[in-house]
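Engineer: The structure under discussion is supplied below as structure tokens; questions concerning it will follow.
The values are calculated or read from the model by the stated rules, or taken from the named source; none is laboratory data. Keep in mind the model is a prediction, meaning the values are calculated, not measured. No Cβ is skipped: glycine too gets one built from the backbone with ideal geometry, and neighbour counts run over all protein chains shown.
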Amino acid sequence: MKTESSTLAFSAFMALLIGCAGITATLASNSQAILLDGLFNLIYFSVALVTIKVSKLASRPDSESYPFGYSYFESLVNLCKGLLILGVSIFALVDAVAALLTGGREISAGLAVIYALFATTACSLTAWVMHRSQRHVHSPLISADKLNWLVNSIISAAVLAAFCLVMLFERLDWRGIVPYVDSVLVMAVVVLCLGVPVRMASQALRELLNKTPEESIAEPVRQAVARGLAEIDTLEVRVRMVRPGRLLYVIVHVVLPKELSDISIISQDRLRARIDEEVRQDYAPVVCDVVFTADTRWAEPSCGLLVGKHPS
């Protein structure tokens, strides 16, 4: 799939399909592991509908109501996804512990195996489609979806393996173990995958709090700004940046020596264009604001990483 909207729509459809199948299989198998998988996908489907809307908003220009655009909605959606996955996981963990302490639960392993095989195949296929779409579309929303489907594939594969063990234990007449397999499986899957929603939510929260992006993004941008100003003498160059969703917003304060303080607007615009061009070679989409001043105090409020300073 070559567009963001079609990829996200496919993801939403698969979440609905697997979620409905999971709830149906739960009624027949009495498996809480399958219920966890079904609830996970149905909740994700509801968020996916919002994600599709946000993907359209994120491509729109700024407006009077949203003067800095709509990219923050992407971070907000990813935060909600992470928190929802985390909430469902904790609920499942508590329920599994309670079941384990009360003697476990009997399940219908044959039907559970059929569902788990279907879910593993469907989740793996969807994760592959998300991965392929990233060749054509660079989107944090698709990246988050891909991560979700990878986790979902692991969960479904673990469920499949466990239910195969249940059938094996039944054949070996180890029936004392069977009631505990489902609860132990849920606990193991939640513990192993808990880091994924935590990382997703924490990354989105950092973006919403306007934290500087990771150094793998920030440092090349600083170097690009330095290259753009290489032909002019400066006293200080301070770079600030945030990345809400897919958009990188960069503001550069350039402190000029007094002998260059009367530089023309045309020359300033030429330098702005050069900085913008250099930055776009490392990251896009980007909004790059460049402010020229001869007074250091306009560059120093707050922080702003100093990337260039001549000795006084």
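Engineer: Counting just the residues of the range 250-274 that are more than 22 Å from GLN223 (Cβ to Cβ) and assigned to a loop (DSSP other than H, G, I, E, B), which one comes out farthest from the chain's Cα centre (by Cα)?
Structural biologist: The selected residue is ASP262.
Engineer: Filter the range 139-196 for residues that are aromatic (Phe, Trp, Tyr) and touching a residue at least 12 places away in the same chain (Cβ under 8 Å); which is nearest to SER55 (Cα to Cα)?
Structural biologist: Across the range 139-196, the extreme among qualifying residues is TRP149.
Rundown of residues vs (1) in contact with a His (Cβ under 7 Å, 6 or more places away or on another chain); (2) within 17 Å of GLY22 (Cβ to Cβ); (3) at pLDDT 80 or above; (4) aromatic (Phe, Trp, Tyr), yes/no style:
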{"site": "LEU79", "(1), (2), (3), (4)": "no, no, yes, no"}
{"site": "GLY82", "(1), (2), (3), (4)": "no, no, yes, no"}
{"site": "PHE91", "(1), (2), (3), (4)": "no, yes, no, yes"}
{"site": "ALA99", "(1), (2), (3), (4)": "no, no, no, no"}
{"site": "GLY103", "(1), (2), (3), (4)": "no, no, no, no"}
{"site": "SER108", "(1), (2), (3), (4)": "no, yes, no, no"}
{"site": "ALA116", "(1), (2), (3), (4)": "no, yes, yes, no"}
{"site": "ALA119", "(1), (2), (3), (4)": "no, yes, yes, no"}
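Engineer: How many of the residues in the range 167-225 are more than 30 Å from ASP95 (Cα to Cα), among the β-branched types (Val, Ile, Thr) and surrounded by fewer than 19 Cβ atoms within 10 Å (Cβ to Cβ)?
Structural biologist: Number of matching residues: 2.
Engineer: While we're on this one: Which of the residues spanning the range 132-153 are touching a Leu at 6+ places or on another chain (Cβ under 8 Å) and at pLDDT 80 or above?
Structural biologist: Hits for the range 132-153 are ILE142, ASP145.
Engineer: Sticking with this one: Is one or more of the residues making up the range 44-66 farther than 24 Å from HIS136 by Cα, touching a residue at least 60 places away in the same chain (Cβ under 8 Å) and surrounded by fewer than 24 Cβ atoms within 10 Å (Cβ to Cβ)?
Structural biologist: Checked the range 44-66: no residue is farther than 24 Å from HIS136 by Cα, touching a residue at least 60 places away in the same chain (Cβ under 8 Å) and surrounded by fewer than 24 Cβ atoms within 10 Å (Cβ to Cβ).
Engineer: Now for a different question. At pLDDT 85 or above, farther than 20 Å from ALA162 by Cβ and either outside any helix (DSSP H, G or I) or assigned by TED's automatic domain parsing to the domain that holds SER55 (or both): is that true of CYS123 in this structure?
Structural biologist: When the stated conditions are applied, CYS123 does not pass them.
Engineer: Could you tell me whether LYS2 is of a type in the set (Lys, Arg), at pLDDT below 85, under 30 Å from VAL242 (Cβ atoms) and assigned to a helix (DSSP H, G or I)?
Structural biologist: In short, no.
Engineer: Quick check: anything in the range 9-31 more than 22 Å from ASP182 (Cα to Cα) and either in the same structural domain as ARG246 (by TED's automatic domain parsing) or modelled with pLDDT under 85 (or both)?
Structural biologist: No.
Engineer: Are any residues in the range 92-111 of a type in the set (Asp, Glu) and more than 12 Å from VAL186 (Cα to Cα), and if so, which ones?
Structural biologist: Result: GLU106, single match.
Engineer: What about SER29, is it in contact with a Leu (Cβ under 8 Å, 6 or more places away or on another chain) and closer than 19 Å to ILE155 by Cβ?
Structural biologist: In short, yes.
Engineer: Does GLU74 satisfy being among the acidic types (Asp, Glu), assigned to a helix (DSSP H, G or I) and farther than 24 Å from ALA122 by Cα?
Structural biologist: Judged against the criteria, GLU74 is a match.
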